[in-house]
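Engineer: Can you keep this structure in mind? I'll have questions shortly.
The values are calculated or read from the model by the stated rules, or taken from the named source; none is laboratory data. In this text the structure is predicted, and so the values were computed from the model without any measurement. Cβ coordinates were reconstructed from backbone atoms using ideal geometry, including for glycine residues, and neighbour counts include every protein chain displayed.
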Amino acid sequence: MNTYQAKRLRLKDILATLGHEPNKVLQGELWYLSPFRQETEPSFKINLERNVWYDFGLGAGGNIIDFGLKYFQVSTVAAVLHELEALIGGQKTVLPLAPAKNAPTEPEESFKVQKIAPLQNVALLKYLASRGIEAALAQSYVQEIYYTRQNKRYFSLAFPNASGGYELRNAYFKGVHGHKDVSLINGASTAGVMIFEGFIDFLSALAWHKVTAPPLSVIVLNSVALRDKALSTIRDKGVQSVHLYLDHDPAGRELTTFLQQQLAAIEVVDQSGLYQGFKDVNAFLVGQRQLQKQL
């Protein structure tokens, strides 16, 4: 994804994917509770025609790149593009070349959950298999969710987070139901903590080591934007060591440096060398599985 493509994404769709729905519509603008903080009255608005935002609490606004810099807490445009591409997956939600001035201003139908059930959907299990993850392993951590949006039916994997929400994933989509948050998993030992960017990487690590439970407690970030939440969780746990399994990209390297600086008093181990030459843990697992088949 480049900057031009990113700016053609609709801000309201990005917010919806992140779990934020508008509280009201007023003169062609959508008003939200700010995605940057907790509040009870909406102070964040999107102008639908111009596809820009303004947060009255911050006294700042801008386009989707400006939003990404603030929301994902990254410092470069490249890192924002990475986060947006990971967020939308295979979706093709872009602005028309010339937005109609009389375009409808009512918000789209909200996300509606039909059911959440144990993981057994054949298509979802096939997707996981393509990522090198067996059904028996995934079923201990992941469920399946069925929902409607804009009167269309969908289903995806559902991985619970610490706020009671679910990280959603299938072959074509990546999003969230409920509030965006980290996911916490207990391990055999509480002396240390392992950190992954997403649950696919977490399951990939278990699959590669042929274990069903992690040796240490686990924090799945679900977004590098939640680094401060992860940091406070680590400090609350009082662990002796932190083991990072982050992506080989600018956002992953930036987060590694951040955690090493903020946690200078304890051991912070960058484990990304274990999958050197691959983008992330899952890419490494898939690559190794393909190599094994060739032997």
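For (1) within 18 Å of L206 (Cβ to Cβ); (2) buried (at least 18 other Cβ atoms within 10 Å of the Cβ); (3) modelled with pLDDT of 95 or more, each residue gets a yes or a no:
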| residue | (1), (2), (3) |
| --- | --- |
| G252 | no, yes, no |
| L255 | no, yes, no |
| F258 | no, no, no |
| A264 | no, no, no |
| E267 | no, no, yes |
| Q271 | yes, no, yes |
| Y275 | yes, yes, yes |
| V281 | yes, yes, yes |
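Engineer: Yes or no: T105 buried (at least 19 other Cβ atoms within 10 Å of the Cβ), modelled with pLDDT under 90 and not hydrophobic (A, V, I, L, M, F, W, C)?
Structural biologist: no
Engineer: Which fully enclosed helices (runs of 4 or more DSSP H) of segment 8-92 have 1 or more residues being over 19 Å from H179 (Cβ atoms) and not acidic (D, E)?
Structural biologist: The helices (runs of 4 or more DSSP H) meeting that bar are 64-71, 77-88.
Engineer: Please go through segment 266-290 and pick out each residue that is out of contact with any strand residue (DSSP E or B) (no Cβ under 7 Å at 6 or more places or on another chain), farther than 15 Å from I133 by Cβ and either charged (D, E, K, R) or outside the structural domain of V193 (by TED's automatic domain parsing) (or both).
Structural biologist: Hit for segment 266-290 is K279, nothing else.
Engineer: Something else now. All but one of (1) in contact with a His (Cβ under 7 Å, 6 or more places away or on another chain); (2) surrounded by fewer than 20 Cβ atoms within 10 Å (Cβ to Cβ); (3) β-branched (V, I, T) hold for I145; which doesn't?
Structural biologist: (2)
Engineer: Please go through segment 137-157 and pick out each residue that is without any contact (Cβ under 8 Å) to a residue 40 or more places away in the chain and closer than 16 Å to K210 by Cα.
Structural biologist: Q139
Engineer: What tally of residues in segment 10-30 results from selecting those that are crowded, with 16+ Cβ neighbours inside 10 Å, without any contact (Cβ under 8 Å) to a residue 40 or more places away in the chain and among the hydrophobic types (A, V, I, L, M, F, W, C)?
Structural biologist: So the answer is 1.
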